[in-house]
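This report concerns only the one structure given below.
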Amino acid sequence: MDVLDLARTQFAVTGSLHFLFVVLTLGLAPLVAIMQTRHALSGKPVFERMTRFWGQTYVINYALGVFTGLVMEFQFGLSWSGLSHYAGDVFGAPLAIETLVAFFLESTFLALWIFGWHRLPRWLHLACIWLVTLTAYASAFWIMVANAFLQNPAGSQVRGDRLALTDPGALLSNPSFVYAFPHVIGAGLLAGGLVVAGASAFQLSRRHPEAEFFTRSMRLGTVVASIGVFLAVGFGFAQFGPIGGLQPGKFDSDPLSGLSLGLMIMLGELLMLLFMFLLLPLIWWLPKWRWTHPVVILATPVPFVAAILGWLAREVGRQPWMINGRLTVADAMSPGLTPGMVGASFAAFAGLLGLLAVVDYVLIARTVLRGPAATFLGAPEESHASDCPSPALTY
Amino acid sequence: MEIVWFGALALLLAGYFALEGFDIGVGMLLPVLGRDQAARDRLVGAIAPFVLANEVWLVAGVGVLFGAFPTLEGDVLFALYPLVVALLVSWIVRDAGLWFRRRVDGPRWRAFWDGALCAGSWGLALTWGFALARVATGLDGLPALLLGVVLAAVVAAVFAFHGRTFAAWRLAGEGRPRGGRALLGSALLAASPALAGLALTASTVVGHAAPAGTLNMLGLMVVPFAPLMVGAQIWVWRTFGPRRPAGSRVPSFF
């Protein structure tokens, strides 16, 4: 492998790892927000316990989204300084807005939500999870604006030897963006909904005593996942029009791109059929009819595979361009980058993040396996005698 | 406009040192201040609600560097390549310690991740010293290395002092009780290395600003949210400050 291949592989590996966790974040955040809203409205304890249990799953998953995201942000400067030199005046803006506004607020409100149990008034605490959801979606919005610019450099003009931002409106109404954004959101809802439904099906199939808890979770997860699958498939096909015009031959130039696209479409349609003809019509009986449980459990990893395939199709199909028709990947690479530098950092990032990703998935599985009673997030007060000297007698 | 965006960059970087400085400092001093597991849990619990709201100042700072000073972003990060990699690895190791330490019960699990938290915190402080030496002087080779050793020691010392002051401010019985004024003083001290670096490089940074069109679009998108961002940060401090009751009775997620 030469230095360019190494740098590309490093970006592909960290990017894929990042999206595996981000896609679940995008799906779980609104699910947890819906659960907490239902608790706030109905006062039923089961919804509070659902919020804490699925919220803990969401938060554990979130950790790896942050770790991988940090590496992504800095990698632009480390490996691809040619991109910021040529197009930073355009491409930098959406990334700056994402980090400065969306992620800044998301992280702050998430801190308030995680540590605000029993401290914030109930309605303000509920507002925090909705703000976390909203800012997570704003993050996805700006990242997709930036990515769409690489597919189709709308809103910009060549001035001298660099690109200049000439039309911010065109940047936001980029045809490579407007259909891809809901497609990604759909993928997130599908992944999040199916994780909740699949984990619930697993617990119900082993006759977990908390039947009501997992019955409600399974139905809610199925509803959200089916909204997701329609969005993802619908806005997936809607992209063929603009791509045909802007990037003809996108999926033919490299066999990997075409293959990934074909497989993703197959998996997406398979899931859509499953939801249209089985899971959605039977949603009321799903939790009780145990023969459906293995189907839902088996389907759970599929959206994650499809999500990675989707990114492969989109990004491999852009080659050899970094910015379609304007800047090649080779020209975008930092001048002076050596195989030793990329090799060492690749080994460090991939080794560390890979290891932590495995730990994270084991912790998520463990949270699900141990069930709602063992949830730590939002637990009531600790009863350490040393912490709170209690009166000897209380009447 | 360039000056305004330089001000934003300076605020975010200095704010990162002033705020994240005490998280890093507490992490560095974890084995010293926390002799047993319960004491370490209390120390981590003290910084826990602030970390997410603090570390994001650097993420935002790099975002401003990318958006408002794009040609500088690539040059600076690439010039600091090994240091940026070390910074990221330390940051991730420190954060992994925080997120994972309480996920499994058992003394060995928690001791392992407390070790990661401490090692990552030291890595962050020391790497910042070397990075500042490199950025502020533009030096390379042995002079930068020697200055880096000095600055790494300085940054580690001011972060550790800031961390100890924060622990005394937030936790009862953690050394001599400290008021808000002492914490503000140690925050300024922690921010001073970043402010010095920014002062030395100000003219270079401003000279690399993006054109007016880009800066205007950024301003249009960011300024409306600035009050919300400030408000959210203040809300964190009002909610998790030391005067709130029941501080230590709710178990910390970290």
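Values in this text are rule-based calculations from the coordinates and carry no lab data. Computed from a predicted model, the values in this text were never measured in an experiment. So basically every Cβ, Gly included, is an ideal-geometry build from the backbone, and we count neighbours across all protein chains shown.
Couple of notes before you dig in:
- Sorted ascending by nearby beta carbons within 10 Å, beginning with the fewest, B:V206, B:V135 become B:V206, B:V135.
- A Förster radius of 56 Å combined with the Cβ-Cβ distance from B:E2 to A:W291 puts the calculated FRET efficiency at roughly 0.25.
- Potential lengthening between A:D5 and A:K44 on full extension [0.36 nm per residue; Cα-Cα distance subtracted]: 8.6 nm
- Full extension of the chain between B:Q37 and B:A202 yields a length gain of 54.9 nm, computed as 0.36 nm times the residue separation minus the alpha carbon distance.
- Ellipticity at 222 nm from helices only: DSSP H runs of n ≥ 4 in the protein assembly as shown, each -39500 (n - 2.57), divided by the residue count, give -26000 deg cm²/dmol.
- Compactness of the protein assembly as shown, taken as the C-alpha radius of gyration over 2.2 N^0.38 Å, stands at 0.96.
- The charge dipole of chain B, taken about its Cα centre with unit charges on the Cβ atoms of Lys, Arg (+1), Asp and Glu (-1) only, comes to about 1220 debye.
- Efficiency of FRET from Cβ geometry, B:L142 and A:T338, R₀ 22 Å, rounded to 0.05: 0.55
- Angle of helix B:180-207 to the longest C-alpha principal axis of chain B, folded into 0 to 90 degrees and rounded to 10: 20°.
- Chain lengthening between A:L270 and A:E381 when straightened (0.36 nm per residue, less Cα-Cα): 35.3 nm
- Here each label is just a point 7 Å from Cα along the line to Cβ, and for A:R122 and B:A182 those points are 4.0 nm apart.
- Per the Debye formula on identical point scatterers at the alpha carbon atoms of segment B:2-240, with no solvent, log10 I(q)/I(0) at q = 0.08, 0.14, 0.16 Å⁻¹ is -0.31, -0.94, -1.18.
- Amide H within-cut-off set for A:M322, under 5 Å, with H built and near neighbours excluded: A:L327, A:T328, A:V329
- Exposed-loop-free span, longest in chain B, where trypsin sites (Lys or Arg not before Pro) count as exposed if DSSP calls them loop and at most 11 other C-beta atoms lie within 10 Å: B:36-242
- When each full DSSP H helix of chain A is screened for a Cα extent of at least 27 Å along its own axis and an average Kyte-Doolittle hydropathy of at least 0.5, the helices passing are A:3-42, A:122-151, A:180-205, A:211-237, A:255-274, A:339-370.
- Proxy reagent accessibility, fewest Cβ within 10 Å first, across A:M266, A:M333: A:M266, A:M333
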